[in-house]
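Undergrad: Just dropping this structure here.
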Amino acid sequence: MTNRLKRFPASFRFVAVSLALVATASLASNAAAAPPTPQQIQAAKDRVVQLAREAHAAQRQLDQIMVRANEVAAAYDLEKGKLEKLTAELLTTQTTLAKARAQYGSVVAQLNDRARTVFMQGPASDLEFLLGASSLTDLTDRLEFVNVVATSDADLANQVQNTKNVLSTKERNLQTLQDAQQVVVAKVQAKKQEAADLLHQAQTKLGEIQSKKSEAERLAKKLSKQRQAWVNSHFSFGGSTHASIAMPPGWAGTFQVCPVGQPRAYGDGFGAPRYAGGYHLHAGVDILAPMGTPIYATFDGYTTEDPNGLGGLAVEVHGAIGYTYNAHLSAYSDHSTGTVHAGDVIGYVGDSGDAAGGPPHDHFEFHPNSFPSTWPVSYYGYTVIDSALNPYPLLVDACG
């Protein structure tokens with residue numbers, strides 16, 4: 001036998017050894033793939049349950065954050081309206097102040113001209129003028145003329161003083177408005193920053209919840225289908241951070257999806273007074289979200305891009321029930337033009353147009369083909385503005 005092994009070719013000996021190693025590795029692999037022990041299964045189940053508890057706790061924290069974010073979004077709408085009104089009043093006051101300054105300069109110039117004339121004529125000029133009368137009638141006329149001139153001088157002096165008083169009042173009003181504007185600017189900036197901070201916190205919580213859900217799903221795949229169904233049911237979070245609003249029959253579900261992805265915050269800003277670009281009513285709802293958050297088609301239809309000065313990059317979605325208008329986008333998407341289905345991304349949240357400097361948001365409007373006979377009134381007292389219907393109840397229904 002020793003001689004046979006010596007005569008066995010080296011290449012065949014290598015193959016034999018390799019096969020033996022493969023067989024050994026296969027046995028080890030089969031051992032590693034052995035079914036999990038009851039203890040491992042129980043540990044996985046316990047971990048899934050723990051992940052569900054932690055996810056629900058994070059969701060409760062997220063809900064609290066979003067309630068506050070919605071309040072801040074509504075407060076931002078109010079302060080923004082105040083700021084725009086103050087800015088418009090400042091522009092008007094500055095215009096009238098410029099006119100008052102010009103008028104004051106004009107009457108001061110007239111008074112100075114009159115003073116120079118009197119100085120050049122000297123104090124005896126009026127007496128010489130009276131002594132030169134040729135008759136009593138002439139003297140009477142000359143006295144009347146001197147009195148008129150004196151009265152005119154006094155009126156001119158009074159006009160100068162009155163104009164100065166008016167000018168001083170307008171300057172004080174301007175300063176008062178400027179001081180008020182600074183206060184409101186500070187409030188607007190504070191609300192803007194608070195909204196950004198809250199949305200960032202919400203984004204972090206959403207990531208935490210998704211991470212726990214992903215881990216639970218991975219563990220559930222190693223367990224039973226029943227456990228996988230349990231994970232799906234226990235990681236489906238519903239509820240709303242807005243109070244529900246009753247709508248006429250048939251209107252619930254009009255928006256199949258929320259127009260803006262998470263995290264998002266919005267208030268009932270339909271009908272808020274706006275002054276930028278001239279006085280007008282806010283014909284939509286501003287949905288605040290981090291820059292670049294996806295914007296979705298709320299129903300099936302087709303999209304058209306509608307860029308303009310106020311709205312910046314904007315997209316309309318036309319469907320069977322009417323159309324929606326989304327403005328201030330940061331960018332368009334592949335579905336910004338053409339046929340779309342509910343849930344397709346039609347653009348991304350931004351601050352284009354006259355929203356520059358403010359928090360990124362989607363200015364959202366809904367223009368139905370027909371209006372319901374009754375509809376919930378907005379915080380500002382409006383249901384319809386031109387062809388736009390107050391979309392807030394529909395947003396609460398679709399977005400929570």
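Undergrad: Filtering segment 367-379 down to residues that are within 20 Å of Ser244 (Cβ to Cβ) and in contact (Cβ under 8 Å) with a residue 60 or more places away in the chain, which residue is most open to solvent (accessible area, probe 1.4 Å)?
TA: Tyr379
Undergrad: Against the definition (modelled with pLDDT of 80 or more and surrounded by fewer than 18 Cβ atoms within 10 Å (Cβ to Cβ)), how does Thr117 come out, yes or no?
TA: Spelling it out, it is not the case that Thr117 is modelled with pLDDT of 80 or more and surrounded by fewer than 18 Cβ atoms within 10 Å (Cβ to Cβ).
Undergrad: Looking at Thr241, Thr298, can you tell me which residue is β-branched (Val, Ile, Thr) and either open to solvent by 30 Å² or more (accessible area, probe 1.4 Å) or touching a helix residue (DSSP H, G or I) at 6+ places or on another chain (Cβ under 6 Å) (or both)?
TA: The match here is Thr241.
Undergrad: Which one of Ala252, Ala229, Ala276 is at negative phi, surrounded by fewer than 22 Cβ atoms within 10 Å (Cβ to Cβ) and not in a loop (DSSP other than H, G, I, E, B)?
TA: From the options Ala252, Ala229, Ala276, the qualifying one is Ala229.
Undergrad: Which residues, taken from segment 282-294, are touching a Phe, Trp or Tyr at 6+ places or on another chain (Cβ under 8 Å) and either in a strand (DSSP E or B) or among the small types (Gly, Ala, Ser) (or both)?
TA: Hits for segment 282-294 are Ala283, Gly284, Val285, Asp286, Ile287, Leu288, Gly292, Pro294.
Undergrad: Restricting attention to segment 320-362, and to residues there that are surrounded by fewer than 23 Cβ atoms within 10 Å (Cβ to Cβ) and hydrophobic (A, V, I, L, M, F, W, C), which single residue is nearest to Tyr76 (Cα to Cα)?
TA: By that ranking, first place goes to Ala355.
Undergrad: Then there's this: Can you find even one residue in segment 213-225 that is under 27 Å from Val349 (Cα atoms), open to solvent by less than 60 Å² (accessible area, probe 1.4 Å) and not small (Gly, Ala, Ser)?
TA: Checked segment 213-225: at least one residue is under 27 Å from Val349 (Cα atoms), open to solvent by less than 60 Å² (accessible area, probe 1.4 Å) and not small (Gly, Ala, Ser).
Undergrad: Can you tell which of Gly343, Gly350, Gly358 is of a type outside the set (Asp, Glu), modelled with pLDDT of 95 or more and under 19 Å from the mean Cα position of the chain (by Cα)?
TA: Residue meeting the stated conditions: Gly350.
Undergrad: Go through Met291, Met247 for me and flag whichever is under 22 Å from Ser378 (Cα atoms) and either β-branched (Val, Ile, Thr) or in contact (Cβ under 8 Å) with a residue 24 or more places away in the chain (or both).
TA: Exactly one of Met291, Met247 is under 22 Å from Ser378 (Cα atoms) and either β-branched (Val, Ile, Thr) or in contact (Cβ under 8 Å) with a residue 24 or more places away in the chain (or both), namely Met247.
Undergrad: Residue by residue through segment 192-212, note down the ones that are under 21 Å from Pro290 (Cβ atoms) and of a type in the set (D, E, K, R).
TA: Across segment 192-212, the qualifying residues are Lys192, Glu194, Asp197, Lys205, Glu208.
Undergrad: Only one of these is under 21 Å from Arg68 (Cα atoms) and of a type outside the set (Asp, Glu): Arg218, Arg264, Arg274. Name it.
TA: Arg264
Undergrad: Does segment 386-400 contain any residue that is under 14 Å from the mean Cα position of the chain (by Cα), at negative phi and open to solvent by 30 Å² or more (accessible area, probe 1.4 Å)?
TA: No.
The values are calculated or read from the model by the stated rules, or taken from the named source; none is laboratory data. Bear in mind that the values here come from a model prediction, so they are computed numbers and not experimental data. Here the Cβ is made from the backbone with ideal geometry for all residues, glycine too, and neighbour counts use every protein chain on show. For the accessible areas, the whole protein counts, side chains as well, though only heavy atoms, and no ligand, DNA or RNA atoms are used. Shrake-Rupley method; radii C 1.70, N 1.55, O 1.52, S 1.80 Å.
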